[in-house]
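Okay, so here's the structure we're looking at.
Bear in mind these aren't lab numbers, they're just calculated from the coordinates by the rules spelled out. All values derive from a computational prediction rather than experimental measurement. Cβ sites come from the backbone with ideal geometry, for glycine too, and all protein chains shown count toward neighbours.
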Amino acid sequence: MKLTILAVGKLKESWVREGCEEYARRLRPHFSLELTEVKDGSDLLRRISPRSRVWALDEHGKQFSSEELGGQLRTFMNTGEAGWTFLIGGADGLPAEVLKASHLKWSLGRLTLPHRLARVVLLEQLYRASSIVRGEPYHRA
């Protein structure tokens, strides 16, 4: 299964890049992973694979515990989904047409996160969910 993260803007801070690289490194033995940066929100729709399940990160979206996210991942893996795409907007969030085209709006929580930090949190939670699916102890850390 392929995991794709489409994000508006470039990561400038080295600590954010390093955090993303660390969790991407941990995920790659288990999934095909693509991280793509686009210039603005309107570019996102052109980059989405038509065969991928699309979740837009949005503060008003549905919230999942790490275990529930692991269950979603397990379901997608068992149903043969071709891919799972996550969309992260810029400072102003995602355009309405992008939210409308998504299968689900997902909130990482009630806190407001800078979009660059949301990338690190997303990658970490995907790694945690994959650890839960594989029965590894990371999710207890």
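I'd like the residue in segment 81-97 that is more than 12 Å from the chain's Cα centre (by Cα) and in a loop (DSSP other than H, G, I, E, B) and, out of all such residues, is nearest to I132 (Cα to Cα). Spell out how you get there, then give the answer.
Restricting attention to segment 81-97, the residues satisfying the condition of being more than 12 Å from the chain's Cα centre (by Cα) are 81-82, 90-97.
Next, from what is left, pick out any that are in a loop (DSSP other than H, G, I, E, B): 81-82, 91-92, 94-95.
Working: E81: 19, A82: 20, A91: 31, D92: 32, L94: 29, P95: 32 Å.
Looking at the filtered set, the residue picked out is E81.
Selection of segment 35-57 for residues being in contact (Cβ under 8 Å) with a residue 40 or more places away in the chain and of a type in the set (D, E, K, R) yields D40, R47, R53. Cβ separations smaller than 6 Å between residues 6+ apart or across chains give the following pairs from segment 4-19 residues that are surrounded by 19 or more Cβ atoms within 10 Å (Cβ to Cβ) to residues that are in a helix (DSSP H, G or I) and basic (K, R): L6/R47; A7/R119; L11/R17; L11/R116. Scanning segment 67-80 for residues that are loosely packed, with under 14 Cβ neighbours inside 10 Å and outside any loop (DSSP other than H, G, I, E, B) yields E67, E68, T75, N78. For the criterion of being in a strand (DSSP E or B), at negative phi and surrounded by fewer than 18 Cβ atoms within 10 Å (Cβ to Cβ), K100 fails. Across segment 83-93, the qualifying residues are those that are among the small types (G, A, S) and out of contact with any strand residue (DSSP E or B) (no Cβ under 6 Å at 6 or more places or on another chain), and the one among them that is surrounded by the fewest Cβ atoms within 10 Å (Cβ to Cβ) is A91.
When segment 22-54 is examined, which residues are found to be in contact with a helix residue (DSSP H, G or I) (Cβ under 9 Å, 6 or more places away or on another chain) and either of a type outside the set (A, V, I, L, M, F, W, C) or assigned to a strand (DSSP E or B) (or both)? Even if it seems obvious, please write down each step before you answer.
Pass one, segment 22-54, residues in contact with a helix residue (DSSP H, G or I) (Cβ under 9 Å, 6 or more places away or on another chain): 22-24, 26-27, 30-31, 33, 35-36, 38, 41-42, 44-45, 48, 53-54.
Scanning segment 22-54 gives E22, Y23, R26, H30, L33, L35, T36, V38, G41, S42, R53, V54.
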